[in-house]
1. Of the accessible area of the chain, with the probe set at 1.4 angstrom, what percent is carbon plus sulfur?
2. Which value, in Å³ per residue, describes the convex hull spanned by the Cα atoms of the chain?
3. Just from its helices, what would the mean residue ellipticity at 222 nm be for the chain, if runs of 4 or more DSSP H residues each count -39500 (n - 2.57) and the sum is divided by every residue, rounded to the nearest 500 deg cm²/dmol?
4. For the range 1-52, go through all pairs of different Cα atoms, get the mean of 1/r, take its inverse, and jot down that Kirkwood value in Å.
5. Grab the other residues whose beta carbon is less than 15 angstrom from that of Arg41, score K and R as +1, D and E as -1, and report the net.
6. Enumerate the helices in the chain for which the Kyte-Doolittle hydropathy averages -1.0 or more and the C-alpha atoms extend at least 24 Å along the helix's axis, using complete DSSP H runs.
7. How big is the equivalent ellipsoid of the range 213-274 along its three axes, where each semi-axis is √(5λ) from the Cα gyration tensor, reported in whole Å from largest to smallest?
8. I want the local charge near Arg259. Using Cβ-Cβ distances under 13 Å, sum +1 for each Lys or Arg and -1 for each Asp or Glu among the other residues.
Amino acid sequence: MNITFIGGGNMAGALITGLLQKGFDPTAIGVVEISAESRARLSEKFGIATHEEISAAAVAADIVVLAVKPQQLHGVATQLRGRLGGKLVISIAAGVRSADLSRWLDGYAVIVRAMPNTPAMALAGVTGLYALPGVPEHQRRWAETILGAVGTTLWLEREAQMDAITAISGSGPAYVFFFIEALQEAAVELGFTPDEARTLSQETFLGAAKLASQSAEDAATLRARVTSRGGTTERAILAMETAGIKRAIIQAAQAACLRSQELGDELGKTGAGG
């Protein structure tokens, strides 16, 4: 399969890196990118073809990955109208619903919507995938291969679930960074240097996450195992429960999900006339 990325930003770069590390042929990858500096960087780093604009030659591929900002997607779709001819279109533009993208493409329906998260840039992401009903099975597998190059994939039965994906895994890295940030500040207040606090906090989080991913037990069981009766961890967990931290995290995710729904509504109004 040949792939054209429209947009050569960080996420496109991560996907290309993952594909090449899995043995994908660089001559089968192209990128449309308006920035001359970015085109030069991509060409030098990956040995792939780059294009300044969306031309017939640029989109002469089996798969077109839309990796532009959500606000730019309507303009890109306008340029792609009538040029797709059965190609698989994968959109990683956050918030833009498949129905709206299809409308912008004059009813084109071979579309997979994807929501990767930023750990994809370390090839450790998780991506929610949703395919419109008309996407054949072999093209669904193509989408899974491409997004699977940067981590784990999860197919959704309903596109409405994409708002929850956005709230949990899309925004989730920021929650993790927020917790690490707080733990680092606590370490500094307890007498460690900033560098020591950074090491302790990050390595503790990495190790705990790795243990959780390798264990068949759920997080609640693992937490209980660390929490000895009358011990230091029990005192810390009690302080967090008293402060309502778990409920606050749940409410935060719900707020993010609601905002994702609102953004989808707002972005869908673009080009409402056609």
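The values are calculated or read from the model by the stated rules, or taken from the named source; none is laboratory data. No experiment lies behind these values; they were computed from the predicted model shown. Methodologically, a virtual Cβ is constructed for each residue, glycine included, from the backbone with ideal geometry; neighbour enumeration extends over all protein chains shown. Heavy atoms of the whole protein, side chains included, go into the accessibility calculation; ligands, DNA and RNA do not. Shrake-Rupley method; radii C 1.70, N 1.55, O 1.52, S 1.80 Å.
1. On the way: 8450 of 14980 Å².
In the chain, the share of accessible area belonging to carbon and sulfur is 56 percent.
2. On the way: hull volume 42.1 nm³, N = 274.
Dividing the Cα hull volume of the chain by its residue count gives 154 Å³.
3. Values: 11 runs with 137 residues, N = 274.
About -15500 deg cm²/dmol.
4. Details: mean 1/r = 0.0941 Å⁻¹.
Taking every pair of different Cα atoms in the range 1-52, averaging 1/r and inverting gives 10.6 Å.
5. Details: positive: Arg39, Lys45; negative: Glu33, Glu37, Glu44, Glu52.
Residues near Arg41 contribute -2 overall.
6. Both cut-offs are met by 172-189, 194-214, 245-268.
7. Numbers: eigenvalues 340, 49, 6 Å².
Ellipsoid semi-axes (Å, largest first): 41, 16, 5.
8. -4
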